[in-house]
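Everything on this sheet refers to the single structure shown next.
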Amino acid sequence: MKAFWETVPLDEMNALQWELLCGRCGRCCLRKLEYEDTGEIVYTNVACRYLDIDRCRCTSYQDRASKNPCCLVMNPKALMQIMHLLPGTCAYRLVAQGVDLPWWHHLVCGDADMVHEASISVRGSALSEDHVHEDQIEEHIIDWVEP
């Protein structure tokens, strides 16, 4: 029997299916920079102040969009508009592109901690924006090697 993400289109998933799809890596909660001249988007290791970096969970999930206007609030309507801002490892992006979920995703392996063990999550590598001055954001640009 096929898994729900292989048979149910993203825009037809119920709320539980949609939330389960998230890999809980926290990468979408990292600050991104877009260079106006090239349109290139780069990630930093600076996380939104509402991200619990150890748990890779938003501490203000229900109010996140009002507290942080830059928050990438995922829903089927917004996905195509923000997909370029999502990391290549994002389950929403992968499913939208027709790509299989990776081996470390909790829906595949059954282990919610595997995303951390596989070094995909931001646990141990991000810091809160509360500890970085806005003028220093560019000093925190990172380059991921995608698995």
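Cβ-Cβ under 6 Å, sequence separation 6+ or interchain: first residue in segment 126-147 and modelled with pLDDT under 95, partner of a type in the set (Phe, Trp, Tyr) and surrounded by 11 or more Cβ atoms within 10 Å (Cβ to Cβ). Which pairs?
ILE142/TYR43
From the set of residues in segment 34-79 that are aliphatic (A, V, I, L, M) and assigned to a loop (DSSP other than H, G, I, E, B), which is surrounded by the fewest Cβ atoms within 10 Å (Cβ to Cβ)? First the steps, then the outcome.
Our first condition is that a residue be aliphatic (A, V, I, L, M); within segment 34-79, this holds for 41-42, 46-47, 51, 53, 65, 72-74, 78-79.
Add one more test, that the residue is assigned to a loop (DSSP other than H, G, I, E, B), and what stays is 53, 72-74.
On the way: ILE53: 18, LEU72: 19, VAL73: 10, MET74: 20.
Ranking the candidates gives VAL73 first.
Identify, from the list VAL99, VAL122, the residue that is in a loop (DSSP other than H, G, I, E, B) and touching a Gly at 6+ places or on another chain (Cβ under 7 Å). Walk me through it before giving the result.
Details: VAL99 fails: touching a Gly at 6+ places or on another chain (Cβ under 7 Å).
Checking each option against the conditions leaves just VAL122.
Based on this model, can you work out whether CYS25 counts as on the phi > 0 side of the Ramachandran plot, buried (at least 18 other Cβ atoms within 10 Å of the Cβ) and under 11 Å from the mean Cα position of the chain (by Cα)?
Details: on the phi > 0 side of the Ramachandran plot: no; buried (at least 18 other Cβ atoms within 10 Å of the Cβ): yes; under 11 Å from the mean Cα position of the chain (by Cα): yes.
Against the criterion (on the phi > 0 side of the Ramachandran plot, buried (at least 18 other Cβ atoms within 10 Å of the Cβ) and under 11 Å from the mean Cα position of the chain (by Cα)), CYS25 does not qualify.
Of all residues in segment 28-58 being free of Cβ contacts under 8 Å to residues at least 60 places away in the same chain and within 12 Å of the chain's Cα centre (by Cα), which is nearest to HIS84 (Cα to Cα)?
Step by step, filter segment 28-58, then rank; the result is LYS32.
When you scan segment 93-115, do you find a residue that is out of contact with any helix residue (DSSP H, G or I) (no Cβ under 8 Å at 6 or more places or on another chain) and touching a residue at least 24 places away in the same chain (Cβ under 8 Å), even just one?
No.
Among the residues of segment 80-115, write down those that are among the hydrophobic types (A, V, I, L, M, F, W, C), modelled with pLDDT of 95 or more, surrounded by fewer than 18 Cβ atoms within 10 Å (Cβ to Cβ) and more than 17 Å from LEU10 (Cα to Cα).
TRP103, VAL108, CYS109, ALA112
The values are calculated or read from the model by the stated rules, or taken from the named source; none is laboratory data. Because the structure is predicted, anything quoted here is derived from the model rather than measured. All Cβ positions, even for glycine, are placed from backbone atoms using ideal geometry, and neighbour counts span all protein chains on display.
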